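Okay, so here's the structure we're looking at.
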Amino acid sequence: MAEYIGFIGLGSMGLPMTRVLADAGYAMRVYDVSTEACDRAAAIGDVSVCDDVSGVAGAVDVLLTCVPNDAILRELYLGDKGVRDTARGDQISIDCSTVSPSLTREINQTLSEQRVSHLDASMLGSIPQAESGQIGFVVGGDQATFDKVLPLLNVLGKMVKYVGGSGSGNQVKLIHQTLVAGHAVAVAEALSLCMATETDLDAFYDVVCNGGGFAYSRYLEKRTPRMRAGDFSPLFMLDLMAKDAGLARDLAREVSMATPLLDRVLETFDLAQKAGYGREDFSAVARVYEKNVGRHLNEH
């Protein structure tokens, strides 16, 4: 077990991951720009809250990070007094954010010059999985480094999959998100068609989940009851799903690939964001369709 584990980014995923690691006996040093997040972390046993990035990056054996987007990650790692400037070397960094593979590779190359081994470990799952230590990790980077931190990642995750060199974890995650975003829009459209045609929603749900046909998806099974109850509280924010799907489209553009289906999915997410649903769960994309048919899922 490493002497100290660092965690920077104590949001909806980072804070419960910190708690899981502390409960497993790891001594933690953590930091977040949010004072409120730091206060919550301070209430966890064996967690030392630092004043800045250097207090974490300069003092730990393994550093984990989890932030919302490329801009914040670039500043965290490559900005003034970021990880690049303050890490002591001979360390391992593991970024759990979902970001551009090109940025991950840039960070990896830069940190290697500081004798820091960098992994991208994109996550599958949301808040309940983070709280229970059941996250899925898709990991890219040096395999020998991956082997060293596998016991640590196994504390946090139920599936830890090495998928290739630097940036590979991000690439797999982004392509994965094209399917998730597509499911969200497809399910919203199907449920709204039920409402528009007076089709029994409960019967439709039972047929899809239990009938053995190929329309089944885990998203439909898990999110439909929440939508039927009018519950769009964020397990994974719509803004973040739109960001992920947009990065996937950027990835496709880098190889000159057209993505007509993803383009339409992103148009629908854009409508949801413009309607003010960005900070709700990404299933709130269904509200675009509710407005179109003039009915709400929790009223049917």
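Residues in the range 44-59 carry Karplus couplings, in order, of 8, x, 6, 10, 9, 8, 9, 7, 7, 4, 5, x, 9, 5, x, 10 Hz; the curve used is 6.51 cos²θ - 1.76 cosθ + 1.60 with θ = phi - 60°, and Gly or Pro positions show x. Note on H296/I72: beta-carbon distance plugged into 1/(1 + (r/R0)^6) with R0 of 30 Å gives a FRET efficiency of 0.30.
Applying 0.36 nm per residue to the separation of R218 and L150 and subtracting their alpha-carbon distance, the gain on full extension is 21.8 nm. Sorted ascending by nearby beta carbons within 10 Å, beginning with the fewest, L78, L240 become L78, L240.
Between the alpha-carbon centers of the range 118-137 and the range 218-273, tell me the distance in whole angstrom. The range 118-137 and the range 218-273 have Cα centres spaced 19 Å from each other. Take the Cβ atoms of A275 and D90, set R0 to 41 Å, and the FRET efficiency comes out at 0.25. Rounded to the nearest 0.05, the FRET efficiency derived from the C-beta distance between V255 and S112 at R0 = 30 Å is 0.75. Taking amide H atoms as placed 1.01 Å from N in the peptide plane, the amide H of G164 lies under 5 Å from those of G141, each 5 or more residues away in sequence or on another chain. Amide H to amide H, with H built 1.01 Å from N, G6 comes under 5 Å of R29, D61, V62, L63, L64, counting only residues 5 or more places away or on other chains. Sparsely packed loop sites in the range 102-191 (the trypsin sites (Lys or Arg not before Pro) outside DSSP H, G, I, E and B with at most 14 other Cβ atoms within 10 Å) comprise R115. For the chain, the longest principal axis of the alpha carbon atoms and the long axis of helix 168-196 meet at an angle near 20°.
Footprinting exposure proxy ranking of L201, L111, fewest other C-beta atoms within 10 angstrom first, gives L201, L111.
Rounded to the nearest 20, the size of the Cβ-charge dipole of the chain about its Cα centre is 360 debye, with Lys and Arg at +1 and Asp and Glu at -1. Computed from backbone phi, the HN-Hα couplings of the range 109-118 come to 5, 5, 5, 4, 6, 9, 6, 10, 8, 10 Hz, rounded to whole numbers (Karplus: 6.51 cos²θ - 1.76 cosθ + 1.60, θ = phi - 60°; Gly and Pro given as x).
Note on D80, D90, D32, D142: ascending count of other Cβ atoms within 10 Å places them as D80, D90, D142, D32, the fewest first. Taking T86, T104, T259 as the candidate residues, the one with maximal mean-square fluctuation in a Gaussian network model of the chain, Cα springs under 10 Å, is T259.
Within the chain, the cysteines lacking any other cysteine Cβ closer than 4.7 Å to their own Cβ are C38, C50, C194, C209.
Since every read-out is calculated from the coordinates, none of them should be taken as a lab result. Just so we're clear, the structure is a prediction, and the values are computed from it rather than from any experiment. Positions of Cβ are backbone-derived with ideal geometry, glycine not excepted, and every protein chain shown enters the neighbour counts.
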